[in-house]
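Coordinate-derived values only; no laboratory data. Being a predicted model, the structure only gives us computed values, none of them experimental. Glycine also receives a Cβ, built like all others from the backbone with ideal geometry; neighbour counts cover every protein chain displayed.
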Amino acid sequence: MDSTLEFNALKGLLSHSTVRFENVIDKNEWTVKEATLSNLNSQSLLFAENHVVSNQTALDEIKTFIGLKNVKKQINNLISSAKMNALRIQRGLGVTSGFSMHMIFGGSAGTGKTSIAKLFGRALYESGVLPTNRFVFASEPDLVAGYVGQTAQKTKDLVLSAKGGVLFIDEAYALTPDGQNSFKQEAIDQLVALSDELRNDTVIILAGYSQPMKKFLQANEGLSSRFKNWIEFPDYSLEDLIQILDLDLQKQFVHLTEEDQKVLVDSFLFIYKHLTQDGQTPLQGNGRTIRNYVQDLIQARDVRINQRGAEQLSDEELQQVTAEDIRQVESHYLHSVH
């Protein structure tokens, strides 16, 4: 498709931004939840019944994420396998040989790795596969100590703190031994041992940029043989980013006139082309950059109305982003590094 035609076609995706939505927007994710409450329960396979306190199941929330088609498919497949494996254990049929829920999440920043990891853990909890909805976020400093003999215990304490739930280690490739730091290898050795010990009731997810993660696994055969499930999080397409922008504007209750909607789309596409070398490279930061962009629009609006006096403005005017705000943010993005 010609790039000009593609850009024009995408302008229609922001057509609902001036509407007050009846749906509940999750404050932390780019997902829309149904407003109707459903008191869902999930029958546990191994443990007591786990109650779903959200308006949607975790799997339902995963389905609402923009893009990530293959990620959703792989997550669904893994959950199916985990549920059936748990059922076989319950019936005394044993564990499927080689089955493990540990995995690698590869991909750029802002592609949803942490958010999906949390929902994956919750989905396993709701299905009765995991006994808790615990989620522990960690990085290299949380595993590695500065003195001989301390790293193994520090790593063990961290992993056990997530027992029954999910341990998410971000930028895990930072654990790659560098020749001068044997403590990192000590952490890896402990992680390998515990990943085997806890594989039936705990999920360990190693996450980071894809290429460094591949090198990290190649250098650590013990890890690569135990973390066989690789899920790749792709960079968002322009269409995905526009949809994320639209949803985040809704979440923040931003009002735009029809004319200013057009200004916003034109300005965003101009910024996008500038930051991605005319669409030749992915947008650095992906969805996170969109969230920051929306926050910049809101700040520009609030500074404008505060300087000019907000007391006499209507409710709609207090929430309205104007062309002036949009152009100010555009100038900022074109003259600074993001």
Original post:
So what's the stretch 253-337 giving for Rg/Rh, alpha carbon basis, Kirkwood Rh from the mean inverse pair distance?
Top reply: 1.01
Subject >> Fully extended contour minus Cα-Cα distance, from Ser237 to Asn76, at 0.36 nm per residue >> reply: 55.7 nm
Original post:
If you stretched the chain out fully between Glu316 and Asp302, how much longer would it get, using 0.36 nm times the residue separation minus the C-alpha to C-alpha distance?
Top reply: 3.7 nm
Original post:
Which pairs in the list Lys156/Lys215; Lys63/Lys118; Lys72/Lys118 are over 19 Å apart, alpha-carbon to alpha-carbon?
Top reply: Lys156/Lys215
Subject >> Additional length obtainable on full extension of the chain from Gln211 to Lys273, 0.36 nm per residue less Cα span >> reply: 19.8 nm
Subject >> Rh (Kirkwood; distinct C-alpha pairs) - the stretch 167-208, Å >> reply: 11.0 Å
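Among 294-302, 274-282, what's the highest-first ranking by average C-beta atoms within 10 angstrom per residue?
Result, highest mean Cβ count within 10 Å first: 294-302, 274-282.
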Subject >> Cα extents of the stretch 164-253 along the three principal axes, largest first (Å) >> reply: 49, 31, 21
Original post:
What number comes out for the charge environment of Thr176, summing +1 per Lys or Arg and -1 per Asp or Glu over other residues with Cβ under 11 Å away?
Top reply: -1
**OP:** Compute the semi-axes of the equivalent ellipsoid of the stretch 58-233, taking the square root of 5 times each eigenvalue of the Cα gyration tensor, and list them largest first in whole Å.
**Re:** 26, 19, 14
Subject >> Projected label distance in nm at His332 and Glu140, using a 7 Å step from Cα toward the beta-carbon >> reply: 3.2 nm
